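Note sheet for the following structure.
The values are calculated or read from the model by the stated rules, or taken from the named source; none is laboratory data. Everything numeric here is computed off the predicted structure, so don't read it as measured data. Here the Cβ positions follow ideal geometry from the backbone for every residue, glycine too, while neighbour counts run over all protein chains shown. Ligands, DNA and RNA are stripped out before the accessible areas are found, and what is left, the full protein with its side chains, is counted by its heavy atoms. Shrake-Rupley method; radii C 1.70, N 1.55, O 1.52, S 1.80 Å.
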Amino acid sequence: MFDFLKKKLNEVVKKVTDKVAPKEKEKKPKPKKEEKKETFTTKIVKAFTEINVSPEKVDEIFQEIEIDLLEADVAVEAIDKIKEDLKKEIVGKSIKKSELEKHIKNVFKKTLNEMLDVPKIDLMKKLEKKPTLFVFLGFNGSGKTTTMAKIAYWLQSKKLSCVFAAGDSFRAASIEQLEEHGKKLNVNVIKHQYGADPAAVIFDAVKYAQAKKIDVVLADTAGRTHTNKNLMDQLEKIVRVNKPDLKILVIDSMTGNDIINQCRMFDQAVGVDALVLTKTDVSNKGGSILSAAYVLKKPILFLGTGQSYKDLHEYNPKEIAEKLI
Ligand code: GDP
């Protein structure tokens, strides 16, 4: 996971270090007069072992290295934050050359920690309400159904029961796909016919959970209808009728920086409470996670890390920052 981003970030640290303090200038000239040796030497050593960079120099360096970060799917807003933080910690400061790389790494680490730090949701607390309703949003293929199944498996590991609501009554085979997971996980599926009103399907699933004392309703929704306006109207109705406890947007981390547009679109339409980023096992770029965390500042519940039920990783920003630098 994140190998490409890690490689790029570490290359960037090296490039910045080399450009701030190019190695060929490190030759130490000899002092001319013996009697002035001490003060002169001290000055020279200082001049050649300590660096002092201008903000313009940092801008110039970033013009060249921006492409490395863009290649790893880091959004422009996130690159600007990295640049500005570096300026704050390096411009006008006297830093020993020997400590420069370590210093830059520490600045990067601090920046990454800040970027990955998103508001938290205490899921276990949310789950105290019975039944809790989680509605899953996202485009077709983002991994919504698979994520719902993984979350059902995760809930079962916490001794909580759940039911699926087949709220995607639009895409062919979506109900069967959910039933398939239901069979494997021993989770019932509440469904209507294709073309039925998803708000009503979810409503029925909540009633079923109340009657059967089931802890959680996991509701699927359509990823795309014939127009996005229809999709958003449908989602708006689902939310108005059923008042979900969490609206979880499932996004494919391979989508790159379109993640930001996708999230804003769903957020404007119905409000997104939390994110799950899927396919982090195949998206070796990783910058989309940085961008999603920093630009969107939405709680990230889980990362999808594979195709089986156990491949769901609770989001841990510190662990990611440590891995990256
Ligand atoms: P939906 O249309 O949003 O419901 O998407 P699906 O749940 O059907 O997932 C689309 C494809 O992505 C399926 O082949 C899933 O197995 C796959 N998928 C979902 N999550 C992950 C993940 O975290 N890692 C990998 N490698 N594949 C995933």
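If I ask for residues that are surrounded by 19 or more Cβ atoms within 10 Å (Cβ to Cβ) and either outside any loop (DSSP other than H, G, I, E, B) or modelled with pLDDT of 90 or more (or both), which ones from the stretch 285-297 would you list?
Gly287, Ser288, Ile289, Leu290, Ser291, Ala292, Ala293, Tyr294, Val295, Leu296
Which numbered condition in (1) open to solvent by less than 60 Å² (accessible area, probe 1.4 Å); (2) modelled with pLDDT under 90; (3) among the β-branched types (Val, Ile, Thr); (4) not in a helix (DSSP H, G or I) is the only one that Val282 fails?
(1)
With the requirement that a residue be more than 15 Å from the ligand (Cβ to nearest atom), closer than 17 Å to Ala209 by Cα and within 26 Å of the chain's Cα centre (by Cα), what does the stretch 141-161 give you?
Leu155, Gln156
Name the pairs: first residue in the stretch 302-320 and assigned by TED's automatic domain parsing to the domain that holds Met148 and away from the ligand (no atom under 11 Å from the Cβ), second residue open to solvent by 30 Å² or more (accessible area, probe 1.4 Å) and among the acidic types (Asp, Glu), Cβ to Cβ under 6 Å, at least 6 apart or on different chains?
So the pair list comes out as Pro317/Asp117.
Do the conditions hold for Phe164, that is, is it part of a strand (DSSP E or B), within 13 Å of the ligand (Cβ to nearest atom) and touching a residue at least 40 places away in the same chain (Cβ under 8 Å)?
Taking the combined requirement at face value, the residue satisfies it.
Quick test of your reading of the structure: Lys129 fulfils all but one of (1) within 13 Å of the ligand (Cβ to nearest atom); (2) under 20 Å from Leu301 (Cα atoms); (3) modelled with pLDDT of 95 or more. Name the failing condition by number.
Checking Lys129 against (1) within 13 Å of the ligand (Cβ to nearest atom); (2) under 20 Å from Leu301 (Cα atoms); (3) modelled with pLDDT of 95 or more, the one that fails is (1).
Residues of the stretch 253-279 being part of a helix (DSSP H, G or I), touching a residue at least 60 places away in the same chain (Cβ under 8 Å), touching a strand residue (DSSP E or B) at 6+ places or on another chain (Cβ under 6 Å) and within 16 Å of Leu116 (Cβ to Cβ), which ones?
none
Within the stretch 263-287, take every residue that is within 14 Å of the ligand (Cβ to nearest atom) and out of contact with any helix residue (DSSP H, G or I) (no Cβ under 7 Å at 6 or more places or on another chain) and give me the one that is nearest to Gln234 (Cα to Cα).
Phe266
Scan Asn257, Asn188 and give me the residue that is within 26 Å of Thr280 (Cα to Cα), in contact with a helix residue (DSSP H, G or I) (Cβ under 8 Å, 6 or more places away or on another chain), open to solvent by 10 Å² or more (accessible area, probe 1.4 Å) and more than 16 Å from the ligand (Cβ to nearest atom).
Step by step, each of Asn257, Asn188 is checked, and only Asn257 is within 26 Å of Thr280 (Cα to Cα), in contact with a helix residue (DSSP H, G or I) (Cβ under 8 Å, 6 or more places away or on another chain), open to solvent by 10 Å² or more (accessible area, probe 1.4 Å) and more than 16 Å from the ligand (Cβ to nearest atom).
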